[in-house]
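The values are calculated or read from the model by the stated rules, or taken from the named source; none is laboratory data. Computed from a prediction, not measured in an experiment: that's the story for all the values here. Note: ideal-geometry Cβ built from the backbone for every residue, glycine included; neighbour counts use all protein chains shown. Only protein heavy atoms, including side chains, enter the accessible area calculation; ligands, DNA and RNA are left aside. Shrake-Rupley method; radii C 1.70, N 1.55, O 1.52, S 1.80 Å.
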Amino acid sequence: MSGITAIGAYIPMYRLPRQAFAQAWGSGGGAGERAVGNHDEDTMTLAVNATVDLLNAHGREGIDAVYFASTTASYREKMSAALVAAAADFPATVRTMDFGNSVRSGTNALMAALDAVNAGSARNVLVVASDMRRGYPKSDQESTFGDAAAAVLVGNATPAVEVIDRVSLSNELADVWRRDSDQFVRTWEDRFVIQHGYEEWVKKATKALLDKTKVTPAQITKAVVYTPDARSHQGMVRTLGFDPAKQAQDPMIANVGNSGAAHALLMLVAALEEAKHGDKILFVSYGDGADAFLLQVNATPKKAKAVSGHLKSKRTLASYDKMLAFRGTLVTNPEAPLRVEPWAASTTSWRDQAETLRLHAGKCNQCGTTHHPIQRICYTCRSKDDFTEVRLYDKPGTMFSFTRDNLAGTLEPPVVNCIIESDEGKCRVFTTGTDMDAMLAKVGLRVEFTFRKMHEGAGFHNYYWKVRPIAG
Amino acid sequence: MGTIKDKVAIIGMGCSKFGERWDASPEDMIVEAVYEAYEDAGVKPDDIEAAWLGTLRSWESGSIVADALKLKNIPVTRVENWCASGHESLRNAAFGVASGMYDIVLAVGFEKLKDTGFGGLGVGRGTNPVLQARATAPTYFSFIANRYFAHYGIPEDEGKKLLAQIAVKNHYNGSMSPKAHFQKPITIEQVLKAPIIAWPLGLFDCCPTTDGAACAIICRADIARKFRQDPIYVKGIGLSMDSMLPMVRPGFDYLGFDANRMAARQAYEQVGISTPRKEIDLASVHDCFTITEMVIYEDFGFSKPGHAPDDIRAGTYTLEGELPVNTDGGLKAFGHPVGASGLRTTYEIYKQLQGKAGPRQVKNAELGLAHTLGGPPQVACVTILGNAAPTPTISSSVATTGKRQ
């Protein structure tokens, strides 16, 4: 029987207290805080970091497909899964596929992964869902939404978590949508949307699944039920026949926010982190219909930081304006401080992919000197074309030198430009610090790599690996 | 490797006013510098047989020199080697004469930075559009400072004070340089309180963004005295390029640069210098940032490794010190119009060796060193000039290879 063997997640370091929305507009906001992607993060970087979190626990062995899901993929045309697979350092033989356009696309991808594994066309499928949805300024969605990504590995070799059965229902309804020309999510009247969208279809799918499997709510250890907002969750769990206090999985609206296509899987990852042998889990997602799954826990899936690890490390975003600027909703002075257009070329990005997206270095087979970028002639012994590519982002590094540059041109000066000495062959890497108090930069600081967007030179997204202090 | 010693002489130099030359075109500045040099050397445009231009990115080819000066159908070549571009034009011009091909040539360097629209140098983004997307010149050089401080256990505030002393020294010297961009002395307090550009480098640790041009007229050493009684002889030229960008060079210690050390060694060997601190009377070095000047003291053998701070505290490199460095104020006071800088550092040595440096004159100066350091950094050029006439042996060897006997 197929199921989930490993889990991963990524939640951006920045959280914006919801009171910031009330302060800006005089009302609204709600309780708690929402996760906000840094200025150098987008849906792709969140997905890559969640994928790498899973791979840190499981490795790449036996994974033959990467499925990606989002409503806010960074490209309208160009596959996101291909980018995720490259940055996660999979070979070209990996099967890549994108799912999208619905907040249910995360579990759509999970359904497809289970089908592929059950059919025997893939041994292990990595499913990663990532979203950074934007609500209109001053809307409820703006404060309810949060940025996050979650990943699960689907396999059939005695999975830690077996999928006993599942149900999928489709429904056509304009409750929450975004046209191809829209930047912000649109909705219809709240009462109609909840009643005839979310409530009706989550109930229908859950009932269908429980009837089919002859399982009663009382037999369920944990109900992992997607929710668009905190208030709807309470009522829904009760209506389905669960004890909100004992059986309901925390909807994480209060500390992360609704992360769209990633959210159901994010809640599932959090639930599985604490799952024990013998637990039965009901897992339901919503969006243009609903998907429901019944899970049987044999063991806790393999995990690295997962949700709990990412929730531990956070920084408070100083202001609402910064969130707007990070997402480009608020256009800041493009000429300050440097009037230098970022540049790039598809040809160079393609040639340099091993050292930029995959963060490979070249380790000399003769003397062991490790170079980044990769060098054909070894700096130390001049051996020619005699090196092995090694991936640097698996290991931490140490800041060899650094600066806090106020003129390097980003939304968050100063830029911590730095030289990292990797634990992998003492390889020197020139990069930038992120998600950190710049004053923490110092010679000897221990750092980890994190996948980030650099700029949009040449009209496409350019990515590289930055560093941030190792949490804790 | 051979030697350039006493094969060529500088018989005239010119230097435009350095500053924010909003109203001056590149051509204006070239005319300003070259006509000063014509007059200084006592030559006419038709005497020039070939010309070289050094500019980082203000012009392509040497056409602007031919156009501005109406030099007609002589060889004019643009050379470029990062911040050593000005020195590169001088170096190639010197080799052109030493080869026997030409008797009198012109080396010009200029940069027009204030047409670019930003306050900084604007050369950021490094050599790779993605990996070095946030690289800037202040970043590159602040890496040296933070590494030097950490390596030698110098507290950051003490390190900043050391660097401030270099800024104060150079701005003081610049106050006596009518052509400098900045001509006001500054205090340690001003330096320490100035806004940070890239930690630990503050506003006064960084050279300004400046327009300027400078040039030299070079001829065979044996005919130099036909033009003037006090020609200045090229005693040695060294140029060295490090391998691999310093930010990613395996095992690099960031305490100094082999490019500096090897360029100096090449030049010292040509001149026969074994104790540079004693034998060199003054130096005009590439203080693009204060930390650069500090490690240069060690790279050139003026200070022992790790002892530049002691020499800074002792005042070794002040105008009245044991070995005055950047007597005209350096890049700190003049700014760094990239292609011009190598010729401007040479201009100061030339004037000092002729005893024409006015209130900043170093007494009994006979041997001076001019230097530029380019890239992130990676390439250095060291030129050593002297006012002592060549020995007869060398002079006659030049004469036999020269075109005109």
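Remarks
- Hits in the range B:267-287 (condition: surrounded by fewer than 18 Cβ atoms within 10 Å (Cβ to Cβ) and not in a loop (DSSP other than H, G, I, E, B)): B:269, B:277, B:278, B:279
- All conditions but one from (1) facing another protein chain (nearest Cβ under 10 Å); (2) surrounded by fewer than 24 Cβ atoms within 10 Å (Cβ to Cβ); (3) within 25 Å of the chain's Cα centre (by Cα); (4) at pLDDT 95 or above apply to residue A:431; the one that does not is (2).
- Meeting the requirement of 2 or more residues that are under 26 Å from residue B:111 (Cα atoms) and within 14 Å of chain A (Cβ to nearest Cβ), the strands (runs of 3 or more DSSP E) wholly within the range B:163-266 are B:196-198.
- The range A:396-412: number of residues that are within 9 Å of another protein chain (Cβ to nearest Cβ) and either more than 22 Å from residue A:464 (Cβ to Cβ) or acidic (Asp, Glu) (or both): 1
- The range B:54-70: number of residues that are part of a loop (DSSP other than H, G, I, E, B) and either open to solvent by 10 Å² or more (accessible area, probe 1.4 Å) or more than 19 Å from residue B:113 (Cβ to Cβ) (or both): 8
- When residues of the range A:442-462 are limited to those that are open to solvent by less than 10 Å² (accessible area, probe 1.4 Å) and at the interface with chain B (Cβ under 8 Å from one of its Cβ atoms), the one modelled with the lowest pLDDT: A:457
- Of the set (1) free of Cβ contacts under 8 Å to residues at least 60 places away in the same chain; (2) part of a helix (DSSP H, G or I); (3) within 29 Å of residue B:356 (Cβ to Cβ), all apply to residue B:51 but (2).
- Filtering the range A:351-366 to residues that are facing chain B (nearest Cβ under 10 Å), in contact with a His (Cβ under 7 Å, 6 or more places away or on another chain) and open to solvent by less than 20 Å² (accessible area, probe 1.4 Å) leaves only A:361.
- Among (1) over 17 Å from residue A:37 (Cα atoms); (2) not in a loop (DSSP other than H, G, I, E, B), the one test that residue A:173 misses: (2)
- The residues of the range A:413-427 that are facing chain B (nearest Cβ under 8 Å), out of contact with any Leu (no Cβ under 9 Å at 6 or more places or on another chain) and either open to solvent by 10 Å² or more (accessible area, probe 1.4 Å) or over 28 Å from residue A:367 (Cβ atoms) (or both), listed by number, are A:417, A:426.
- Test: residue in the range B:118-125 that is small (Gly, Ala, Ser) and either farther than 22 Å from residue B:141 by Cα or modelled with pLDDT of 95 or more (or both): no
- Considering the range A:136-150, and only residues there that are part of a loop (DSSP other than H, G, I, E, B) and open to solvent by less than 10 Å² (accessible area, probe 1.4 Å), the residue that is nearest to residue A:69 (Cα to Cα) turns out to be A:147.
- Enumeration of residues in the range A:367-395 that are more than 8 Å from chain B (Cβ to nearest Cβ), open to solvent by 50 Å² or more (accessible area, probe 1.4 Å) and part of a loop (DSSP other than H, G, I, E, B): A:367, A:376, A:381, A:382, A:385, A:394, A:395
- In summary, residue B:337 fulfils each of the numbered conditions (1) open to solvent by 10 Å² or more (accessible area, probe 1.4 Å); (2) in contact with a Gly (Cβ under 9 Å, 6 or more places away or on another chain) with the single exception of condition (1).
- Answer from A:398, A:348 - the residue that is outside any loop (DSSP other than H, G, I, E, B), surrounded by 14 or more Cβ atoms within 10 Å (Cβ to Cβ) and without any contact (Cβ under 8 Å) to a residue 12 or more places away in the chain: A:348
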